[in-house]
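A quick write-up on the structure given underneath.
Please treat every number below as a calculation from the coordinates, not as lab data. Quick caveat, the model's predicted, so the values are computed rather than measured. Reconstructed Cβ throughout: ideal geometry from the backbone, glycine too, with neighbour counts over all protein chains shown.
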Amino acid sequence: MYTMRKPIKRLQHLQEVCQINKRDNSLGKDVHSMIGYLRNWMKKQKKDNRGAAMILVIVSIAFIGMLVAMIVYMAYCNYLMKGTDRVAKNNFYSAESALDAINAGLQQDVSDSMAEAYVQTMQNSSGLSADQMSLNFQTMFFGKIKEKIADNPTATDPTWKLSHLTDMLTNDSIPLASASGERGAWLEPRVTDGNKLVQKGTAYITLENVRVVYTDEKGYVSIIETDIRIKVPELNYAVASSRLDVENYSIIAYPYPYLTIVDEMYPEAFKHLRYPPWIIFYQGNVCLLKEKGVGIVGARNCSVQALQNTDTIVQRLQSKYVIVSGLAKGIDARAHLNASKTIGVLGCGINVIYPKENTFLFERMKKSGLIISEYPMHVKPLAYHFPWRNRLIAALSSNLVVIEATYKSGTMITVNECLELSVPIYCVPTAFQDEKYQGCNYLISNGANILVDIKDIDDI
């Protein structure tokens with residue numbers, strides 16, 4: 001706000017000058033009259049200027065109000081964007097879980113095909129070189145895998161079987177949709193390119209255009225489309241001399257002890273398997289193979305409560321059983337750690353520590369427990385080894401206790417192997433609305449025994 005003080009003072013001075021000469025000069029009267037008019041006008045402007053300040057305050061308040069409204073609106077938009085991003089991520093994770101279920105199912109197909117191809121190759125190996133046996137195995141493996149996943153295995157350009165992969169999506173935590181647009185996961189067929197099954201020589205076979213669509217309850221959709229490649233397992237065949245006489249075989253030194261299928265200490269339960277291992281490599285107390293065992297299995301990425309449940313169950317059972325598990329992280333490692341007598345079944349070479357975080361446990365078990373493997377030294381922990389080794393865990397178990405599991409997991413493969421051998425299954429129930437670990441609840445709903453208190457554990 002400005003003031004009119006200095007101009008008024010100048011006018012007063014001018015008026016005084018004019019008053020001196022107003023008697024002698026008629027112009028002074030006119031100037032005096034004009035000065036009076038200007039003075040009144042300036043006073044009026046001074047009053048009006050005070051009103052402008054109020055207007056300025058009102059305008060400022062209005063501007064601040066609009067600025068606050070804009071900030072609130074931007075915050076609301078940011079909230080909506082984060083909510084949308086959260087929904088998108090949840091949908092993507094659900095679609096990814098559905099794809100993981102398909103991969104787990106295909107892994108089981110690979111294991112079964114490998115076992116069947118291996119047996120047939122060995123049965124027809126007479127007079128063949130190692131290279132010929134390897135080639136026969138590859139050919140038989142691809143034939144077996146096509147029988148499981150192809151619509152028409154003998155076709156020139158086969159397609160993968162949509163219904164076979166869809167069956168792998170059945171999951172309590174991830175509902176299966178019957179059609180696109182419904183809530184749940186749905187395997188969408190490709191119309192243009194088709195669901196091609198392409199074989200690349202004897203190296204690998206590819207399922208092209210696997211498209212998983214997941215729709216939530218609000219209608220938000222996430223789509224994952226990918227190709228799934230299945231490589232032929234690498235097996236090397238050592239061919240002996242064409243002479244079958246005993247004298248042609250030499251005794252060689254091996255740094256780790258082993259059992260053959262004809263040895264007295266070889267587990268009788270292994271002989272009842274469809275594909276018993278011919279040789280078992282071991283470190284530790286092999287006499288534990290003759291004692292009664294109970295299998296303890298569960299998720300690798302398990303909850304804290306599951307670890308506590310494992311502690312309780314192992315402490316109650318170790319007086320009656322040898323604790324059998326797979327020396328993996330999570331439930332397996334915890335079961336071995338709490339057991340006084342325990343057997344770890346490896347999915348890799350007898351001298352390979354996997355995972356590395358179990359190094360201390362591995363070293364302890366080879367001294368006070370037992371570690372076994374059907375794989376010799378230096379064999380890497382390949383993915384298809386672990387479903388295959390689960391049959392040995394099942395065979396060594398008179399009962400199987402499942403602590404915590406997802407619906408599609410290696411734990412479920414062990415359960416299936418136990419069912420093949422008529423081994424009783426016991427499960428710890430999962431909390432209501434726990435969407436991640438629904439495997440135990442699914443097994444209980446299908447007839448598995450439930451563990452709810454200490455008495456149930458003691459009855460095993």
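Descriptive notes on the structure:
- Computed from backbone phi, the HN-Hα couplings of the range 303-311 come to 7, 5, 4, 5, 5, 5, 5, 4, 4 Hz, rounded to whole numbers (Karplus: 6.51 cos²θ - 1.76 cosθ + 1.60, θ = phi - 60°; Gly and Pro given as x).
- Distance from the range 430-457 to the range 359-378 (C-alpha centre basis), Å: 31
- Violating pairs (Cα-Cα greater than 19 angstrom) within the set 82/408; 144/196; 292/320; 89/436; 148/231: 82/408
- In a DSSP loop and with at most 14 other Cβ atoms within 10 Å, the trypsin sites (Lys or Arg not before Pro) in the range 287-331 are 292, 320.
- Protection proxy ranking, peptides 407-415, 441-449, average beta carbon neighbours within 10 Å, highest first: 407-415, 441-449
- Placing unit charges on the Cβ atoms only, positive for Lys and Arg and negative for Asp and Glu, gives the range 255-458 a dipole magnitude near 380 debye about its Cα centre.
- Dividing the convex hull volume of the alpha-carbon atoms in the range 105-231 by its residue count gives 107 Å³ per residue.
- DSSP-loop GluC sites (Glu not before Pro) across the range 352-460, with at most 15 other Cβ within 10 angstrom: 435
- Here the spin labels are modelled as points 7 Å beyond Cα on the Cα-Cβ line, and at residue 435 and residue 304 they lie 2.3 nm apart.
- Global geometry of the range 255-458, whether rounded, prolate or oblate, following the gyration tensor of its Cα atoms and the 1.5 cut on a/c: prolate
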